[in-house]
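A.B. asks: Just passing along the structure, written as structure tokens.
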Amino acid sequence: MKLLEVLHPEAINIDLRARDKKTVLDELAAPVARITGTPQDELVRVLMERERLGSTGIGGGIGIPHGKLQGLPSLLVGFGLSRHGVAFESMDGRPTHLFFLLLSPENEAGQHLKLLARISRLLKQEEFKSQLMQAASTEAVLEIIGETDEAF
């Protein structure tokens, strides 16, 4: 599965303002709530429950908050960019700048894990991360992800 198949352009925010974990999850969840019709506070609750198991801030400026949501019809991915960085309790203790939000239906464990792995592999490429950090528009994010994912 290619990332652009489940990444919603409306769920891309290249100007995150949050400075802490809860607020960034609120910002990332807001467009997803509009897309899915799920209350924003429910999305944040699911994401925070997952964070309590261990931070999804994997280090290197990357966070992949994710969760499973009852009643969600299909996988959904959002993207956020914080140019100043967020205190996200990452494994390396450094600020997090790039966020991929992944929500999946409760019964999609296999696809959920495959997509998490794909996002992680893409983010191991320094050039990809650097390009995303420089993205000036939603269209640029989509182009960068599309080109990198296609070549992968």
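A.B. asks: Evaluate the range 137-149: report whether one residue or more is modelled with pLDDT of 95 or more, loosely packed, with under 11 Cβ neighbours inside 10 Å and either over 19 Å from Ser74 (Cβ atoms) or acidic (Asp, Glu) (or both).
C.D. replies: Yes, there is a match, as at least one residue in the range 137-149 is modelled with pLDDT of 95 or more, loosely packed, with under 11 Cβ neighbours inside 10 Å and either over 19 Å from Ser74 (Cβ atoms) or acidic (Asp, Glu) (or both).
A.B. asks: While we're looking at this one, here's another question. Among (1) touching a strand residue (DSSP E or B) at 6+ places or on another chain (Cβ under 7 Å); (2) in a loop (DSSP other than H, G, I, E, B); (3) of a type in the set (S, T, N, Q), which single condition is Ser55 missing?
C.D. replies: Evaluating Ser55 over (1) touching a strand residue (DSSP E or B) at 6+ places or on another chain (Cβ under 7 Å); (2) in a loop (DSSP other than H, G, I, E, B); (3) of a type in the set (S, T, N, Q) leaves (1) as the failure.
A.B. asks: Can you name every residue in the range 64-86 that is under 23 Å from Val141 (Cβ atoms) and more than 8 Å from the chain's Cα centre (by Cα)?
C.D. replies: Gly67, Leu72, Ser74, Leu75, Leu76, Leu81, Ser82, Arg83, His84, Gly85, Val86
A.B. asks: Ala87 - would you say it is more than 20 Å from Ser130 (Cα to Cα) and either touching a Lys or Arg at 6+ places or on another chain (Cβ under 7 Å) or without any contact (Cβ under 8 Å) to a residue 24 or more places away in the chain (or both)?
C.D. replies: No.
A.B. asks: Continuing with this model, one more query. So Glu42 ticks every box in (1) closer than 23 Å to Lys124 by Cβ; (2) surrounded by fewer than 19 Cβ atoms within 10 Å (Cβ to Cβ) but one. Which box is left unticked?
C.D. replies: Unmet condition: (1).
A.B. asks: Could I ask something else about it? Has the range 24-38 got at least one residue that is under 28 Å from Gly110 (Cβ atoms) and in a loop (DSSP other than H, G, I, E, B)?
C.D. replies: Yes, the range 24-38 contains a residue that is under 28 Å from Gly110 (Cβ atoms) and in a loop (DSSP other than H, G, I, E, B).
A.B. asks: Would you point out which residue out of Val32, Val6, Val24 is modelled with pLDDT of 95 or more and closer than 15 Å to Gln70 by Cα?
C.D. replies: Among Val32, Val6, Val24, only Val32 is modelled with pLDDT of 95 or more and closer than 15 Å to Gln70 by Cα.
The values are calculated or read from the model by the stated rules, or taken from the named source; none is laboratory data. Everything numeric here is computed off the predicted structure, so don't read it as measured data. Because the Cβ atoms are built from the backbone with ideal geometry, glycine has one as well, and the counts that use them run over all protein chains shown.
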